[in-house]
Amino acid sequence: MKREKKADEKGMRHIISILMENEAGALSRVAGLFSARGYNIESLTVAPTEDVTLSRMTVVTRGSDEIIEQITKQLNKLVDVVKLVDLTEGPHIEREMLMIKVRTSSSDSREEVKRLADIFRGRIIDVTATSYTIELTGAGDKLDAFINAFEKTPILETVRSGVSGISRGAKNLHI
Amino acid sequence: MKLTGADILTHFLADEGVEFLFGYPGGAVLHIYDAIDRQEHIKHILVRHEQAATHAADGYARSTGKPGVVLVTSGPGATNAVTGIATAYMDSIPMVVITGQVPTNLIGNDAFQEVDAVGITRPCVKHNFLVKDVRDLTSTLKKAFYVATTGRPGPVVVDIPKDVTADSADYVYPKEITMRSYNPVVKGHGGQIKKAVKLMAAAKRPMFYTGGGVILDNAHKELAQLAKKLNAPVTNTSMGLGGFPASDKLFVGMLGMHGTYEANMAISNCDLMIAIGARFDDRVTGNIEKFAPQAKIIHVDIDPASISKNVKVNVPIVGSVSDVIKSLLREIKASDFKPNKTAMKEWWQQINEWRAVDCLSYKTDGDKIKPQFALEMLYNITKGDAYVTSDVGQHQMWAAQYYRFDKPRRWINSGGLGTMGFGLPAAMGVQLAFPDATVACVTGEGSIQMNIQELSSCMQHNLPIKIVCLNNGFLGMVRQWQEFFYDERYSHSYMDSLPDFVKLAEAYGHVGIQVTKPEDVEAAMKEAFKLKNRLVFLDILTDPEENVYPMVPAGAGLDEMILI
């Protein structure tokens, strides 16, 4: 089957930003499209924009040039989609936020965690007698590196926001 | 003017110019049915199963070009409609389906006859809406018709909870609507048009491959002009039949799995393919690696997502088919376009050699009725001018091969989804739209039983459809594949215990005629078509072992056909 072959091809990573009508069901249209056509989603984030009638969705996906072309065409075909851009086609900034809760039962481990957070420019946002919670923003690989840096400190919980992105320069995704 | 939601709906449909509403009542739509009873503009056509309502609306839409409109209740009403919605979606047919829904305060409560109609239909509609407030009803309905009928057409579902049909709001018919998120492209890109004409001028073996888009956009006249300018052969997909006259000498027949030898060979050998309103479906291309290996491809389509989906093309042109063909004709006129006469002579010589194979000839057998013969007879007796709806299977392919359509919108079949049970209800929609026209439903004993209950609707609404049932006692297409590819193990393809179709037709109040001998086919058909005001069920017992040829086996290239 051609589609299975398509889905197996890893291909390049793309960040697609979508402006869509802020209506019930809009998210399920996008999610449904990806599952029905066998496209993969690495992450998906969505929130209203400064114009409350519009949502902005960021989808990170992988595929050959042909598949990415189909994905953008099929997304554009959704009646709720107002506009979209493949951010990876030009210079862009991507950010993801991580919150990580680690066990800090000794003063040594508290010191170590504080040092690590400083090195990565993270912020400690919650403290208890036995745990620290750190917030860190950056590209995905920076967050990965931060998580991997906790060799000795037990990780209690992590949560990542998924990728958001914006193009560099004055170019913008707006209506 | 303040109206209830139910009255807003009927007023809106009347203002939108809707003639027929195909439907079936139920709890969630009772207010709407009460409103229907209060008005005289729209005629409601009561069916016997919601699937038939959608197919009838579909047949109406395919034959008239106007959107078909359906009204069903919540829950099972909506789920029964899904097959018809998916059928229309695959073939890009404009349709608006109103589904009733449980009251807003019960949504999500697993209420009686509740399903998430918007969720269930989402993958098989162009778009759908849930109306939660009566004040949004009019604009939502307008959007639904606008989306269904523009761009690449398709079905749109509007789910209306019962309380919304009881609440009141002001009603003013909106003449126009704009949607910032939906603006289909009409005009083709000028630069692409120029590139396309350059390729046409350089071509030695050009070929048109056209589909349902030509019919949907009423572009048959423009297509004929363009084909004549190039003097190039034209092949149609099953959805595209009638988009170019079958009796024209440029026509080489249908292409694909059961296409003609000349069409499939021409595709395999052309050096330029001009694809118009077609989508390179797998039943058309066969093995995609072997499809039109020597051709540069120009692809005209209103849907950008159809372009370079299955086959990479050289010159994509996004736009309405009729508009783009007009631009191509203008550009041809403006440039010093001359077809290569010597090359074209050689190309036609080659095509005529393929034609001489006469791939649609079939062996006659004294005492068995050949299905091909029955369809040739249908063509002759209706003078090639009937509306022909079909179900799905062997009879569908034979009808496509042997009923030579000269006009668009005459061949009504479920091409994309391949929905058995489509033919009879679709014929109802056609006959309602054209009460005086000859409407034939070509079917088989398998397909007809999937919506046989509509014989009752045909009686109620006085629809004199002629059912041509090619009864071979087998699910023929399944049987054919089992013969070719499963060592003749006919697993569950034999329909034992068939009803007496003559008596069945009579039980519903119609006329039934059974034909068992080849020499009786003509007289029986003549008799049937003479009965202008009656539905006639022609039960024609055909050769059970006949196969559809040519056939491109799955995985083979178009030039690797099995001929008889």
Per the rule of 0.36 nm per residue minus the C-alpha distance, extending B:His492 to B:Ile562 adds in nm 22.7 nm
So the FRET efficiency between A:Glu23 and B:Asn462, C-beta based with R0 = 45 Å and rounded to 0.05, is 0.55
quick note, region B:444-562, DSSP beta bridge pairs, % antiparallel (nearest 5) is 15 percent
Distance in Å, no decimals, from the C-alpha centre of region B:93-129 to the one of region B:415-445 is 27 Å
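Would you mind working out the magnitude of the charge dipole of region B:245-311 relative to its Cα centre, with +1 at each Lys and Arg C-beta and -1 at each Asp and Glu C-beta, to the nearest 20 Debye?
Numbers: 6 positive and 8 negative charges, 10 e Å.
That gives region B:245-311 a dipole magnitude of about 40 debye.
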Given 4 °C, 1.567 mPa s and a Kirkwood radius over Cα pairs, the Stokes-Einstein diffusion coefficient of chain B in µm²/s is 53 µm²/s
Output for region A:70-175: chymotrypsin sites (Phe, Trp or Tyr not before Pro) sitting in coil per DSSP, at most 10 other Cβ within 10 Å, listed by number, reads none
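Residues of region B:299-426: accessible area per residue at 1.4 Å, in Å²? Present the calculation step by step, with values, prior to reporting the outcome.
Details: 5170 Å² over 128 residues.
Counting only protein heavy atoms, the per-residue value for region B:299-426 is 40 Å².
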In terms of the charge dipole of the protein assembly as shown, which places +1 on Lys and Arg and -1 on Asp and Glu at the beta carbon, the residue among B:Val164, B:Ile193, B:Thr419 farthest towards the positive end is B:Ile193
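Which loop trypsin sites (Lys or Arg not before Pro) in region A:111-157, with loop taken from DSSP, have no more than 16 other Cβ atoms within 10 angstrom of their Cβ?
On the way: sites: A:Lys114, A:Arg115, A:Arg121, A:Arg123, A:Lys142, A:Lys152; in loops: A:Arg121, A:Lys152.
When the trypsin sites (Lys or Arg not before Pro) of region A:111-157 are filtered for loop state and at most 16 Cβ neighbours within 10 Å, A:Arg121, A:Lys152 remain.
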For chain A, the charge dipole (Cβ of Lys, Arg +1; Cβ of Asp, Glu -1; about the Cα centre) points to a positive end, and the Cα of A:Gly90, A:Pro48, A:Gln74 closest to that extreme belongs to A:Gln74
At the level of C-alpha centres, the distance separating region B:1-41 and region A:150-175, in angstrom, is 51 Å
Given pairs A:Lys10/B:Lys312; B:Lys198/B:Lys345; A:Lys73/B:Lys66; B:Lys296/B:Lys333; B:Lys290/B:Lys368; A:Lys83/B:Lys309 and cut-off 29 Å on Cα-Cα distance, the over-length ones are B:Lys290/B:Lys368
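For the A and B pair, go ahead and give the buried accessible area with a 1.4 Å probe, both sides summed, in Å² to 100. Show your work: numbers first, answer last.
On the way: alone 10390 and 22690 Å², together 31390 Å².
For chain A against chain B, roughly 1700 Å² becomes buried.
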Measuring from its Cα centre, region B:303-342 shows a charge dipole (+1 at each Lys and Arg Cβ, -1 at each Asp and Glu Cβ) which, in debye to the nearest 20, is 160 debye
Output row, site A:Thr88, 7 Å Cα→C-beta label point, backbone N cut-off 18 Å, window region A:121-140, residues A:139-140
D (µm²/s, integer) via Stokes-Einstein for region B:241-392, Kirkwood Rh across alpha-carbon pairs, 4 °C, 1.567 mPa s: value 72 µm²/s
The protein assembly as shown: antiparallel bridges as % of DSSP beta bridges, rounded to 5, reads 40 percent
Relative contact order of region B:123-211 (C-alpha contacts under 8 Å, at least 6 apart) in percent is 29 percent
Computed for region B:417-564: size of charge dipole around the Cα centre, +1 on C-beta of each Lys and Arg, -1 on C-beta of each Asp and Glu, debye to nearest 20, value 680 debye
For region A:8-46, listing trypsin sites (Lys or Arg not before Pro) in a DSSP loop whose Cβ sees at most 14 other Cβ atoms within 10 Å gives A:Lys10
Full extension between B:Arg180 and B:Asp436 adds, at 0.36 nm per residue less the Cα distance, a length in nm of 87.9 nm
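How large, in percent, is the carbon and sulfur part of the accessible surface of the protein assembly as shown at a probe radius of 1.4 Å?
Values: 16020 of 31390 Å².
Carbon-and-sulfur percentage of accessible area, whole number: 51.
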Distance in nm between B:Glu527 and B:Arg330 label points, each 7 Å along Cα→Cβ, equals 5.8 nm
When the charge dipole of region B:239-398 is computed with +1 on Lys and Arg Cβ and -1 on Asp and Glu Cβ about the Cα centre, the Cα farthest towards its positive end, among B:Phe251, B:Ser268, B:Trp347, belongs to B:Trp347
Taking region A:90-175, the lysine pairs whose C-alpha atoms sit under 22 Å apart (8 or more places apart or on different chains) add up to 6
Taking only C-alpha positions in the protein assembly as shown, Rg and Dmax in angstrom work out to 29.4, 103
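The values are calculated or read from the model by the stated rules, or taken from the named source; none is laboratory data. Being a predicted model, the structure only gives us computed values, none of them experimental. Note that each Cβ is placed from the backbone with ideal geometry, even for glycine, and that neighbours are counted across all protein chains shown. Heads up: the accessible areas ignore ligands, DNA and RNA and are worked out on the full protein's heavy atoms, side chains in. Shrake-Rupley method; radii C 1.70, N 1.55, O 1.52, S 1.80 Å.
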